[in-house]
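Accompanying notes for the structure given below.
The values are calculated or read from the model by the stated rules, or taken from the named source; none is laboratory data. Note that this is a predicted model, so its numbers are computed, not measured. Neighbour counts run over all protein chains shown; Cβ positions are idealised from the backbone, glycine included. Heads up: the accessible areas ignore ligands, DNA and RNA and are worked out on the full protein's heavy atoms, side chains in. Shrake-Rupley method; radii C 1.70, N 1.55, O 1.52, S 1.80 Å.
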Amino acid sequence: MCGIVGYIGKNQAAPFLLEGLSKLEYRGYDSAGIAVYDGSHIRVEKSVGRLASLRDKIEGDMPQGAVGIGHTRWATHGRPSDRNAHPHTDCSGDFVIVHNGIIENYLSLKEELIAKGHEFQSETDTEVVAHLMEEVYNGDFEAAVREVLGRIEGSYALVFLSRKDPDRIICTKQDNPLVIGLGDGENFIASDIPAIIARTRRTYILNDGEFAVVKKDSVWVTNREGEPVTKKVFEVNWNAEAAEKGGYEHFMLKEIHEQPKAVRDTVSPRLSKDGKSIIMNELNWNREFLDSIKKIFIVACGTAYNAGLVGKYYIEKLARVPVEIDIASEFRYRDPIIDEDTLTIVLSQSGETSDTLAALKESKRQGAKTLAITNVVGSSIAREADQVIYTWAGPEIAVASTKAYTTQLIIMFMLSLYMSGIRGTQSQERISELLEALKKVPAQVSETLEDVEPIKTFAKQYGFNEDVFYIGRSLDYDVSLEGALKLKEISYIHAEAYAAGELKHGTLALIIEGVPVIALATQKNVYEKTLSNIKEVKARDAVVIGIAAEGDNELEKYVDHVIKVPETDELLIPVLTVVPLQLLAYYAAITRGCDVDKPRNLAKSVTVE
Ligand code: F6R
């Protein structure tokens, strides 16, 4: 997804702009550009491809100047190209803009501007903003920006530079993140904290509609109406190293190995001192509140949706409240039945996914109570929801989500137990049993990471197959979906997950000799039935890798290979079974020479529809 940086201060801007953009590379992008005011003009340099291409282009002739803006673009309107890369300028080159988001009414604005004689250089929606600036500017930079904001519709984080007022950068946002880093005699702008963390930890996080005039030694923030806003400084407490690879070859592998810590960090602050109950200080729900909820929606995208499937199972099983689950891009357009007795839970690692944010807003608009489960403090979704639970997974950089998924499962599990405690739907013995099991999970995740050699071998053996199938029932099916998503997104192998009982209704036709089938068999009440399904695929000469719990000595009789995970309560086993599936996907991608951390066509955070 697009990244934004800006600098104004006592030093050269370009080195920071390039450094900041490199820290945002994880968001996914297809072109990059910077613009620097050199004392008389704004010099714009941009290039399709990796940031390295831009660096090569300006090597030995770096734009000089102490004020500038930069951007990494993930194409929406107009294909990836030098011309479509940001920053964009008006006809005169006096106004330079970078933008994340979508200007929805750009076509009508473009027509109007062309009719007035403006010449467009790109196919982007963003360029209209630069030409509008030129059109409305009347000697007052801020007034012009406000006027332009009144004309555009859509979502944006926008940063404006003007040759006529080069002592300031103006920025504003709507539905896209924007952060201002506060320095000493210099200030920074970025779409995400990793871009500025090496320079400052003191930040202002802009809210929707806020408008900031950033000078080298001041930041002036106003609201939509132009009234001053007093911002609280948000101190970033992440370790800069946390955003780097720390010795692993890829962020994804590092993040897979960070799961024991991520799970521990997510569990421990929410266990009472005696370990006998769940504390959710974020919520403080009571019986009356829970009794008022007649239906829960879980809404999310991708991996977060897969975690939501497990969450639905947990809530219904433990707290006995009906749950519907939706993909966010479907939910927002399907006219779901929402009222004040509804609780909408949105799950989002980034807290910025556009469809999830829209689903949240729609739920609120229709009167639902809302809860966000996210990994990013201060993200748009966190700020929009009535209540927030954070997964303390730490920054997740790899495009393929791993530790966010396992911590989302943990939060859903703890939330369900917390709800069941209030509603009295589980016995104290069962709650104690589950809490005891939960405390062991971080160490058990570590155990699953100890012996990766067999997984590497399978990845080498089967990594060049065209198709891989995942099967399971109940929670095993939900985890299969996540395993298949991991494999397809980073290794580009066609991978599909099926509810094992559904095979006979069509998919069995695809099972032929040598096709790898990953079969999860950890759920007791459907164990025998899963075994029958495994026999069905074996009878068609599939190669079956079974995933089972330690004490299972049965499965190995029916499959070609078995991967075992430590024994735990079958409700918690998805947190363990997903780990070998993540590793299998990782090593299959390595076998095939794929760019694991930046899979083709994908972005870390999907902030457009
Ligand atoms: C897959 C993956 C995506 C995200 C999805 C939602 O590995 O990372 O499917 O899960 O884009 O993102 P968030 O959780 O940030 O809303």
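What do you get for the angle between helix 428-448 and the principal long axis of the chain? Use alpha-carbon atoms, 0 to 90 degrees, nearest ten.
70 degrees
Helix-only mean residue ellipticity at 222 nm, the chain, DSSP H runs n ≥ 4 weighted -39,500 (n - 2.57), per residue, nearest 500. What is it?
Details: 18 runs with 206 residues, N = 609.
Dividing the helical sum by the residues of the chain leaves -10500 deg cm²/dmol.
For Cα pairs less than 8 Å apart in space and 6+ apart in sequence, what is the mean separation divided by the residue count of the chain, i.e. the relative contact order in percent?
12 percent
Under the rule a/c < 1.5 gives rounded, and otherwise a/b versus b/c splits prolate from oblate, where does the chain land using the Cα gyration tensor?
On the way: a/c = 2.08, a/b = 1.66, b/c = 1.26.
Since a/c reaches 1.5 and a/b is larger than b/c, the shape of the chain is classed as prolate.
Hey, got a sec? Which GluC sites (Glu not before Pro) in the range 197-291 land in a DSSP loop and have at most 11 other Cβ atoms within 10 Å? Walk me through the intermediate numbers first.
On the way: sites: Glu210, Glu225, Glu235, Glu241, Glu244, Glu249, Glu255, Glu258, Glu282, Glu288; in loops: Glu210, Glu225, Glu244, Glu249, Glu258, Glu282.
Passing both the DSSP loop test and the Cβ count: Glu225.
Residues of the chain: accessible area per residue at 1.4 Å, in Å²?
Working: 23060 Å² over 609 residues.
Normalised by residue count, the accessible surface of the chain is 38 Å².
For helix 354-365, report the angle its Cα long axis makes with the longest principal axis of the Cα atoms of the chain; keep it between 0 and 90° and round to the nearest 10°.
That helix lies at roughly 90 degrees to the long axis.
Over the range 3-244, what is the relative contact order in whole percent, taking alpha-carbon pairs under 8 Å and six or more residues apart? Kindly include the intermediate steps, with their values, before the conclusion.
Values: 576 pairs, mean separation 46.7, N = 242.
Relative contact order comes out at 19 percent.
Mind giving me the nanometre distance, one decimal, between the label points for Ala115 and Glu330, set 7 Å out from Cα along Cα→Cβ?
Placing both labels 7 Å along Cα→Cβ, they lie 4.2 nm apart.
Counting other Cβ atoms within 10 Å of each Cβ, which chymotrypsin sites (Phe, Trp or Tyr not before Pro) in the range 435-535 have at most 16 and sit in a DSSP loop? Each step should come with its number before you reach the end.
Working: sites: Phe458, Tyr462, Phe464, Phe469, Tyr470, Tyr477, Tyr492, Tyr498, Tyr527; in loops: Phe464, Tyr492.
Here the sparse-neighbourhood loop sites are Phe464, Tyr492.
What figure, in Å² to the nearest 10, do you get for the accessible area of Arg287 with a 1.4 Å probe and non-protein molecules left out?
120 Å²
Under a plain spin-label model, where a point goes 7 Å from the Cα along Cα-to-Cβ, how far apart in nm are Asp217 and Thr425?
If labels sit at Asp217 and Thr425, their model points lie 6.0 nm apart.
Tally Lys/Arg at +1 and Asp/Glu at -1 over every other residue whose Cβ is under 10 Å from the Cβ of Asp167; what's the total? Before the final figure, lay out the partial values.
Working: positive: Arg168, Lys215, Lys216; negative: Asp165.
Net charge around Asp167: +2.
What GluC sites (Glu not before Pro) in the range 9-105 are in a loop by DSSP, with at most 15 other Cβ atoms within 10 Å of the Cβ?
Sites meeting the loop and neighbour criteria: Glu59, Glu104.
Where the accessible area of the range 3-244 is counted over protein heavy atoms with a 1.4 Å probe, how much of it, in %, is carbon and sulfur? It would help to have the intermediate numbers written out before the result.
Details: 4170 of 9420 Å².
That fraction is 44 percent.
What is the sum of charges, Lys and Arg at +1 and Asp and Glu at -1, for the other residues whose Cβ falls under 13 Å from the Cβ of Pro63? Numbers along the way, then the final one.
Details: positive: Arg43, Lys46, Arg55, Lys57; negative: Asp38, Glu45, Glu59, Asp61.
Charge balance near Pro63 sits at 0.
Count the DSSP beta bridges whose two residues both fall in the chain, then state the antiparallel fraction as a percent rounded to the nearest 5. It would help to have the intermediate numbers written out before the result.
Working: 60 of 100 bridges.
Around 60 percent antiparallel, to the nearest 5.
Taking the chain as the reference, fit the longest principal axis to its C-alpha atoms, fit the long axis of helix 13-23 to the helix C-alpha atoms, and give the angle between the two in degrees, 0 to 90, nearest 10.
Approximately 10 degrees, to the nearest 10.
What is the Å³ per residue value for the convex hull set by the Cα atoms of the range 453-591? List each step's numbers first, then the result.
Working: hull volume 12.5 nm³, N = 139.
It comes to 90 Å³ per residue, whole-number rounded.
What percent do you get for the relative contact order of the range 254-448 when only Cα pairs under 8 Å and 6+ apart count? Write down the numbers at each step before the final one.
On the way: 350 pairs, mean separation 58.2, N = 195.
Relative contact order, the range 254-448: 30 percent.
Which of Lys173/Lys232; Lys276/Lys369; Lys312/Lys529; Lys276/Lys361; Lys254/Lys439 have a Cα-Cα distance over 25 Å? Mind dumping the intermediate values first?
Working: Lys173/Lys232 17 Å; Lys276/Lys369 28 Å; Lys312/Lys529 22 Å; Lys276/Lys361 36 Å; Lys254/Lys439 23 Å.
As for pairs spanning more than 25 Å Cα to Cα, those are Lys276/Lys369; Lys276/Lys361.
Using the Cα centre of the range 254-448 as origin and beta-carbon charges of +1 (Lys, Arg) and -1 (Asp, Glu), tell me which of Ala300, Leu290, Thr266 is placed farthest towards the positive end of the dipole.
Of the options given, the answer is Thr266.
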